[in-house]
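Below is one structure, written out as structure tokens; the observations come after it.
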Amino acid sequence: MEYYELHPQNPQLRYINKAVGILKKGGIIIYPTDTVYGIGCDIFNKEALERIFLIKNDNSSKLLSFVCSSLKDISNYAKVSDYAYRMMKHLLPGPYTFILPAAKAVPKKLWSKRKTVGIRVPNHSVTLKLVEELGNPIISTSTTNRKGEILIDPAEIKNIFNSQVDLMLSSGSLTGAPSSVVDLSMDEPEVIREGAGDVSLFM
């Protein structure tokens with residue numbers, strides 16, 4: 001595994017570009033978000049997606065969320081109602097995962113049985129720069145140990161995933177609190193998980 005330490009507010013572009021190069025070749029990376037470290041790949045690379053399912057020991061029926069670069073970018077990958085747009089405009093970028101109806105551009109591998117997808121726009125310069133430079137979304141699934149516990153220490157993450165991923169971008173220890181998950185795919189919003197983001201708007 002290649003390993004680079006980045007400034008959380010002003011990430012070094014040369015390391016971002018190394019990660020983007022690996023993503024374009026079908027590689028797997030670990031990167032910081034505004035909540036926890038994520039394991040990611042290009043959403044359009046089928047082989048890379050299969051590798052992530054193997055790393056997480058999940059079957060391919062589990063919904064994986066992905067990171068978009070902006071609210072405007074979300075509309076390319078999901079159907080956004082007027083209400084959903086207003087809520088996301090108020091809260092993004094931030095520690096939220098929003099469940100939305102999938103657009104045809106998203107690989108069906110990432111669709112739930114209800115034809116929805118989970119989308120994030122984290123408030124973290126490294127994450128957003130990665131997606132901007134790549135030009136399309138990347139998978140966002142948290143780094144956990146075999147017990148399912150979230151890992152926040154970069155050294156521990158590096159030790160556990162050293163032989164499973166191709167590159168890690170580190171920006172120090174993170175909060176460890178997962179994103180709040182809000183379903184905006186129906187007429188009424190539903191809070192699926194209360195995490196780092198304030199969900200009082202939906203209660």
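Any read-out appearing in this document is the output of simple, stated calculations on the displayed coordinates, not a laboratory observation. Bear in mind that the values here come from a model prediction, so they are computed numbers and not experimental data. No Cβ is skipped: glycine too gets one built from the backbone with ideal geometry, and neighbour counts run over all protein chains shown.
Things to note:
- Distant-in-sequence amide H partners of Thr116 (H built 1.01 Å from N, under 5 Å): Ala102
- Extent of segment 2-202 along its three principal axes (Cα atoms, max minus min coordinate, largest first): 45, 34, 31 Å.
- Peptides 135-141, 22-28, 6-12 ranked from most to least packed by the mean count of surrounding Cβ atoms within 10 Å: 135-141, 22-28, 6-12.
- The ellipsoid equivalent to the alpha-carbon distribution of segment 63-172 has semi-axes of 26, 16, 13 angstrom, derived from the gyration tensor eigenvalues as √(5λ) and listed largest first.
- Links that overshoot a 29 Å alpha carbon limit, given the list Lys79/Lys158; Lys18/Lys89; Lys46/Lys147; Lys89/Lys147; Lys46/Lys72: Lys79/Lys158; Lys18/Lys89; Lys89/Lys147
- Placing +1 on the Cβ of every Lys and Arg and -1 on the Cβ of every Asp and Glu, with nothing else charged, gives segment 2-202 a dipole about its Cα centre of roughly 660 debye.
- Remark: segment 42-49, residue by residue, has Karplus-estimated 3J(HN,Hα) of 5, 5, 9, 9, 4, 5, 5, 4 Hz, where x stands for each Gly or Pro and the curve is 6.51 cos²θ - 1.76 cosθ + 1.60 at θ = phi - 60°.
- The angle separating the long axis of helix 125-134 from the principal Cα axis of greatest extent in the chain is about 90 degrees.
- Acute angle (nearest 10 degrees) that the helix 13-24 long axis makes with the longest principal axis of the chain, alpha-carbon atoms: 80 degrees
- Over the chain, dividing the summed -39,500 (n - 2.57) contributions of all DSSP H runs of at least 4 residues by the number of residues returns a 222 nm mean residue ellipticity of -7500 deg cm²/dmol.
- Sequentially through segment 71-87, phi angles give Karplus couplings (6.51, -1.76, 1.60; θ = phi - 60°) of 4, 4, 5, 4, 5, 7, 10, 8, 8, 10, 6, 4, 5, 4, 4, 4, 5 Hz, Gly and Pro residues having no value and appearing as x.
- Area projected by the alpha carbon convex hull of segment 1-57, averaged over all directions, nm²: 4.3 nm²
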